[in-house]
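This report concerns only the one structure given below.
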Amino acid sequence: MRQKANQKAQQGALRGKQDDQTLSKQQAQLEEQQKKIGDEEERQRKEDGELTRQKEGQEILLKQRLEAKQQAEYQELREELVKAEEKIASIANVVDGEANLDLASSKLPETLDGEDNEGQIEKVKVLVEEAKAKINKLESVLT
């Protein structure tokens, strides 16, 4: 009996030792899985961070391109406005000159190009109106 008790005690100790080894193996496997999960999460965070930086970089580039395009369009409209203002000034000088010449040339039946003075004045007036309309359009676009 004693021998059986000793044998059972040894078997119990052996089972306990085996259980401890099994638990140790399971604990090691669990720790390894947790490490893999942690490594994967870290890799994913780094990847997400890189994607975020790339996206932000692309957004900055797109914004810069848009601003450059808008600036170029603004500059182009500004140049058109300056040209229109110069044209109006030149037309105003012509109209002013025509008014002075109108008095002097009223005695002449026609101008050198064969058109009467009133026809030329009408053409200048039309040009002035067209230039004013273009300037108004450009100013509305710029504001």
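All of the numbers you see were taken from the coordinates with simple rules; none came from a lab. Please read these numbers as outputs of a predicted model, since none were measured by experiment. Cβ atoms come from the backbone with ideal geometry, glycine included; neighbour counts cover every protein chain shown.
See the values below:
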{"quantity": "Gain in span if fully extended, residue 53 to residue 29, counting 0.36 nm per residue against the direct Cα distance", "calculated": "5.1 nm"}
{"quantity": "Cleavage-rule hits (GluC sites (Glu not before Pro)) in the range 1-99: DSSP loop, at most 13 neighbouring Cβ within 10 angstrom", "calculated": "none"}
{"quantity": "Using a Förster distance of 30 Å, the FRET efficiency for residue 39-residue 18 (Cβ separation, nearest 0.05)", "calculated": "0.45"}
{"quantity": "Cross-link reach list, lysines versus residue 35, counting only Cα pairs under 17 Å and skipping chain neighbours closer than eight places", "calculated": "25, 46"}
